[in-house]
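The values are calculated or read from the model by the stated rules, or taken from the named source; none is laboratory data. Just so you know, these numbers come straight off a predicted model, no measurement behind them. A quick note on method: Cβ atoms are made from the backbone with ideal geometry, for glycine too, and the neighbour counts reach across all protein chains shown.
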Amino acid sequence: MKSTWKFFASVKLAIVLFILITLASILGTLIPQGRSAAEYTARYGGSSGLFVSLQLTRLYQSFWYLALLLLFALNTVVCTVSRFGPKWRRAFGPAVDANPQTLMTLKVKNRFRLALPIAAAKDRIAGLLRSRRYRLTESTTASGVVLLARKRRLGRFGSDVVHLGLLVILAGGFTSGLGGRRAEVPLLEGQTADVPHAAFQVRLDKFETEYYPRGEVKDWKSTVTVLENGAPVLTRVVMVNHPLTYRGFSFFQTSYGWDWDNPRFELEVRKRADAAFSKTVALKVGERAPVDDADVSHVIVRQFVPDFVIGEGNQVQSRSQEPNNPAAMVEAWKGEERVFSGWIFAKYPDFGQGHTAGQSALAFVLKNYTAAPYSVLEAAKDPGVTFIWLGCVLVTAGFFLAFYWPPREIRVVLEEVQGKIEVTTGGQAAKSRETFQSEFDQIFESARRPA
Amino acid sequence: MTESTLFTIAFIFYVAALLVDFASLFARREKWARNGLALAAAGLVFHTAALILRTVVSHHAPFTNMYESLSFLSWAVVVALIVFGRKTQVPKLGPYLMLIVVGLVALASSPLMPKGATPLVPALQSYWLWLHVSVTLLGEAFFTVAFVSSLLYLAADTEEKKEKLDALSYRAVAVGFPLFTLGGLIFGMVWAYRAWGSYWTWDPKEVWSLITWFVFALYLHTRVVMGWKGKRSAIVAILGFLAALFTYFGVNYLLAGLHSYA
């Protein structure tokens, strides 16, 4: 037990862990994380199996990386606790090691005699120390009086506060990982959806994209209403950098798009032989739309894509969500006879019309294509976040204490020697020793020769 | 005056400071070094004006692309030099830091860096842009001071010089490390949470900030608890700076991730 404690109390272990965590973290930035198995096979060939079984492809969530972090946490706890007692006594304890010989070995020191009664000498020095914001602890020994003056005592605990903050952050990280719930909620305008893991719903009232004058995206704005049992509770605009928080859930604007699976469009039917003929029908994918003409009874659109491209395996795909190259697979029927079948392109109306049916007598124009915009909100309930912010505050405060609140300590021994009071004093400061030296000198100059 | 004119004037002052600094070093006229510092400070005035003008014209914080952030980083290094340069008795600090400043400004001015001010994408529209980037780069500027003094330590010949350089390196880390932690990691987490909905995603830039943080934590622990000083400390500080440099530059060009702005 004792040796285990010693093992974890060692700063050498901390150094080893610093180095191991650093190296592991570097490795994780060299191997792309969380990709598909196929991508790893393409990248690493036969050794990809080894990568996966060593969890190198999800390294930061791997058993061994988390184990390193836990060891690091344990090491931090034990190191901090084992050094805390002596520090606490140094800062707040009443015990004073006030051997004048020891004091005279310090770098900042002084020794002089005052022709005053001991109580008056003590009061004078104590007053000077107090006016410089030192807190005094007084004790009486066989040979005289000892004053222990300390200020900025909390400065000793800077590193402890940083360590505590780091532990709270790590606890927050584990809490987020284990207890965090997040889900993407895609919503069309007007649509209401249950929030996963929550007892309320959200409705997207409106979604708009704002642009800068030169066309770059300025903002995505989702107007969202929270509903409890069907009744609206509050309405807010959710934007990137402006999440909505309700009952422990936060809603972030993460993505957007258009519902091209349910596009709306119009098809104009023309005849090559009859320039005067034109009939426009509005229709949906897969729906028979009557044209009611002697040459064409009805049309059907079998497929619609907003950004036509021939992908792998000669499959028609959409390159993007943007309507860059809208195309529709159109069939025209004359009763039971299919008179046209082929892709038509909104932006290239003359391209390819009639490739299947030879020189078709019919021509088509794809017009007024739109799709309902949708917004994707990320709904997150992350109980770890509170710990994270608390830990961040502690780390910041700890750094302030450690670097900018250096403790100072002055010990004064007053003894009666040959009818006078001999004052022996020595001081220690954790940082900025020159300013401390000048403060020390001023205090004891004034003690010797009061103005 | 336009922003680029002000920036060019600042550059000229920095080059003049560099020349005067090196002249004072080689001619062993320490009084000239004060003139070098004054020239750097004059350059800083014009540089500050250039940054303010760019902010006014673009309506956003002047660190949204590589040109802007290099400009701000070089500004921060000059600030760090002025903070330390007046008190410290290390004559070589000024010349070598100014060499880095002139290098950074030259890189910012090079055709590699597009200078156009583009409107902010939604993710960057936040006051955290100011806090996160400025405090982080300021921290990295102090790491640069630690780097230069550590290199000078390794090259120093006398014990007296070594002692001063070792102390300077530690003091620079003592300023840079809290700033980097606060700006880079803490403000970064707060902003990531607001913009992306998650305070930590193990994005390469985040991981490399953490690595940088670990190296400087190693520096402090080996020094304060294990009593390392001098050569070993200097090497750790140099490694820390290189990690910070990779976080700043390398990640953008070599590793893909969410953090693809600058």
*asked:* Looking at A:Gly177, A:Gly144, A:Gly172, A:Gly165 in this structure, which one is at pLDDT 95 or above and more than 19 Å from A:Trp88 (Cα to Cα)?
replied: A:Gly172
*Hey, can you tell me all the residues within region A:132-166 that are closer than 19 Å to A:Pro406 by Cβ and in a helix (DSSP H, G or I)?*
A:Arg153, A:Leu154, A:Gly155, A:Arg156, A:Phe157, A:Gly158, A:Ser159, A:Asp160, A:Val161, A:Val162, A:His163
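Just the residues that are part of a strand (DSSP E or B), within 14 Å of another protein chain (Cβ to nearest Cβ) and farther than 30 Å from A:Ala346 by Cα, please, taken from region A:242-257. Let's see the steps before the verdict.
To start, the set of residues in region A:242-257 that are part of a strand (DSSP E or B) comprises A:242, A:244-246, A:249-257.
Adding the requirement that they be within 14 Å of another protein chain (Cβ to nearest Cβ) leaves A:242, A:244-245, A:249-256.
Correct list: A:His242, A:Leu244, A:Thr245, A:Phe249, A:Ser250, A:Phe251, A:Phe252, A:Gln253, A:Thr254.
Here is a yes/no grid of residues against (1) in a loop (DSSP other than H, G, I, E, B); (2) within 13 Å of the chain's Cα centre (by Cα); (3) surrounded by fewer than 24 Cβ atoms within 10 Å (Cβ to Cβ):
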site: B:Leu51; (1), (2), (3): no, no, yes
site: B:Arg54; (1), (2), (3): no, no, no
site: B:His60; (1), (2), (3): yes, no, yes
site: B:Thr64; (1), (2), (3): yes, no, yes
site: B:Gln89; (1), (2), (3): yes, no, yes
site: B:Gly103; (1), (2), (3): no, yes, yes
site: B:Pro114; (1), (2), (3): yes, no, yes
site: B:Ala123; (1), (2), (3): no, no, yes
*Looking at region B:167-195, which of its residues are over 24 Å from B:Gly85 (Cα atoms), of a type in the set (Gly, Ala, Ser) and facing chain A (nearest Cβ under 9 Å)?*
B:Ala195
_Filter region A:372-412 down to the residues that are out of contact with any Pro (no Cβ under 8 Å at 6 or more places or on another chain), of a type in the set (Phe, Trp, Tyr) and outside any helix (DSSP H, G or I) and list them by number._
A:Trp405
*Output the residues belonging to region A:234-263 that are in contact (Cβ under 8 Å) with a residue 24 or more places away in the chain and of a type in the set (Val, Ile, Thr).*
A:Thr235, A:Val238, A:Thr254
_Regarding region A:46-64, can at least one residue be identified that is within 14 Å of chain B (Cβ to nearest Cβ), surrounded by 15 or more Cβ atoms within 10 Å (Cβ to Cβ) and basic (Lys, Arg)?_
yes
*Out of the residues in region A:7-25 that are among the β-branched types (Val, Ile, Thr) and surrounded by 15 or more Cβ atoms within 10 Å (Cβ to Cβ), state the one that is nearest to B:Thr212 (Cα to Cα).*
A:Thr22
_Residues located in region B:125-144, provided they are within 24 Å of B:Leu245 (Cα to Cα), among the hydroxyl-bearing types (Ser, Thr, Tyr) and surrounded by fewer than 24 Cβ atoms within 10 Å (Cβ to Cβ)_ = B:Ser134
_Subset of region B:197-210 (residues that are in contact (Cβ under 8 Å) with a residue 40 or more places away in the chain and either facing another protein chain (nearest Cβ under 7 Å) or not in a helix (DSSP H, G or I) (or both))_ = B:Thr201, B:Asp203, B:Pro204, B:Trp208
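Can we say B:Ala174 is modelled with pLDDT under 95, farther than 27 Å from B:Ala156 by Cβ, part of a helix (DSSP H, G or I) and aliphatic (A, V, I, L, M)? Please lay out each step first, then the result.
On the way: modelled with pLDDT under 95: yes; farther than 27 Å from B:Ala156 by Cβ: no; part of a helix (DSSP H, G or I): yes; aliphatic (A, V, I, L, M): yes.
Spelling it out, it is not the case that B:Ala174 is modelled with pLDDT under 95, farther than 27 Å from B:Ala156 by Cβ, part of a helix (DSSP H, G or I) and aliphatic (A, V, I, L, M).
Can you go through A:Lys12, A:Lys6 and tell me which one is in a helix (DSSP H, G or I), within 11 Å of chain B (Cβ to nearest Cβ), charged (D, E, K, R) and out of contact with any strand residue (DSSP E or B) (no Cβ under 6 Å at 6 or more places or on another chain)?
Numbers: A:Lys6 fails: within 11 Å of chain B (Cβ to nearest Cβ).
Answer to the check: A:Lys12.
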*B:Trp213 under 20 Å from the mean Cα position of the chain (by Cα) and in a helix (DSSP H, G or I)*: yes
*Subset of region A:197-241 (residues that are touching an Asp or Glu at 6+ places or on another chain (Cβ under 9 Å), β-branched (Val, Ile, Thr) and within 13 Å of chain B (Cβ to nearest Cβ))*: A:Thr209, A:Val217, A:Val240
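Being closer than 30 Å to A:Leu414 by Cβ and within 14 Å of another protein chain (Cβ to nearest Cβ), is that true of even one residue in region A:22-43? I'd like the intermediate steps shown before the answer.
Just the residues of region A:22-43 that are closer than 30 Å to A:Leu414 by Cβ, to begin with: none.
No; the residues of region A:22-43 include none that is closer than 30 Å to A:Leu414 by Cβ and within 14 Å of another protein chain (Cβ to nearest Cβ).
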*Is it true that B:Phe11 is in a helix (DSSP H, G or I), aromatic (Phe, Trp, Tyr) and farther than 24 Å from B:Ser134 by Cβ?*
no
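Per-residue answers, yes or no, for (1) of a type outside the set (Lys, Arg); (2) farther than 15 Å from A:Gly342 by Cβ; (3) under 39 Å from the mean Cα position of the chain (by Cα):
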position	(1), (2), (3)
A:Glu287	yes, yes, no
A:Ala294	yes, yes, no
A:Pro306	yes, yes, yes
A:Val309	yes, yes, yes
A:Val330	yes, no, no
*asked:* Out of A:Ala198, A:Ala183, I need the residue that is within 30 Å of A:Arg58 (Cα to Cα), in contact with a Pro (Cβ under 8 Å, 6 or more places away or on another chain) and not in a helix (DSSP H, G or I). Which one?
replied: A:Ala183
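Please state which one of A:Arg156, A:Arg150, A:Arg181 is more than 29 Å from the chain's Cα centre (by Cα) and within 14 Å of chain B (Cβ to nearest Cβ).
On the way: A:Arg150 fails: within 14 Å of chain B (Cβ to nearest Cβ); A:Arg181 fails: more than 29 Å from the chain's Cα centre (by Cα).
On inspection, the qualifying residue turns out to be A:Arg156.
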*If you go through region B:211-232 one residue at a time, how many are more than 7 Å from every other protein chain (Cβ to nearest Cβ) and surrounded by fewer than 22 Cβ atoms within 10 Å (Cβ to Cβ)?*
10
